[in-house]
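Written out below as structure tokens is the structure these notes cover.
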Amino acid sequence: SKLLNFIVSDESNNTRQCSYTIRIEDRMSPSCFGKDTTLIAENENGIRYNFNLDTKDNCSFTKTNCSFPSGSIFPCGITNVSCTAEDGSGNLARCHFIVDV
């Protein structure tokens, strides 16, 4: 919300201060895209993988939360990663991708 103040006057120069609030309702969900990736294990534990998640929103900052955060050690085999993107208005988007080590 944004409060705006202004002064109005009539032909006789009588003035009055007024204000009104502009509130923007963001009902559009952000977008979230992850890329399926195949990696070669560094050792028997798998590999530490820093992935990039592509998120966009029409109004505000988007925060993300993933079942395996970027920088995690991904074990050998297939790992399904689920992520949620949330914008400043609480709108959610979900995306999924696979990391194959």
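The values are calculated or read from the model by the stated rules, or taken from the named source; none is laboratory data. Fair warning: this is a prediction, and the values are worked out from it, not measured in the lab. Here the Cβ positions follow ideal geometry from the backbone for every residue, glycine too, while neighbour counts run over all protein chains shown. Just the protein is used for accessible areas: all its heavy atoms, side chains included, with ligands, DNA and RNA removed. Shrake-Rupley method; radii C 1.70, N 1.55, O 1.52, S 1.80 Å.
What percentage of the solvent-accessible surface of the chain, computed with a 1.4 Å probe over protein heavy atoms, is contributed by carbon and sulfur atoms? Its accessible area is 47 percent carbon and sulfur atoms. Within segment 60-101, the proportion of Cα pairs with more than 12 Å between them is 61 percent.
Protein heavy-atom accessible surface, 1.4 Å probe, per residue over the chain: 73 Å². Give a quick list of trypsin sites (Lys or Arg not before Pro) in segment 5-54 that DSSP marks as loop, anything other than H, G, I, E or B, with at most 12 other Cβ atoms within 10 Å. For trypsin sites (Lys or Arg not before Pro) across segment 5-54 that sit outside H, G, I, E and B with at most 12 neighbouring Cβ atoms in 10 Å, the list reads ARG23, ARG27, LYS35. Grouping the Cα pair distances of the chain into 5 Å bins from zero gives a pair-distance distribution of 3, 12, 17, 13, 10, 9, 7, 6, 5, 5, 4, 3, 3, 2, 2, 1, 0, 0 percent in increasing distance order. Result for the chain in a Gaussian network model with C-alpha springs under 10 Å: among ASN45, ASN91, ASN65, the largest mean-square fluctuation is at ASN45. In this simple spin-label approximation, CYS59 and ASN5 carry label points 7 Å from Cα along the Cα→Cβ vector, and these lie 2.5 nm apart. Highest GNM mean-square fluctuation among SER29, SER60, SER12, for the chain modelled with Cα contacts below 10 Å: SER12. For the chain, the relative contact order works out to 29 percent when only alpha carbon pairs closer than 8 Å and six or more residues apart are counted. Segment 4-45 and segment 74-96 have Cα centres separated by 22 Å. Counting only residues at least eight positions apart within a chain, or on another chain, the aspartates and glutamates with an alpha carbon under 15 Å from that of LYS56 are ASP26, GLU86, ASP87.
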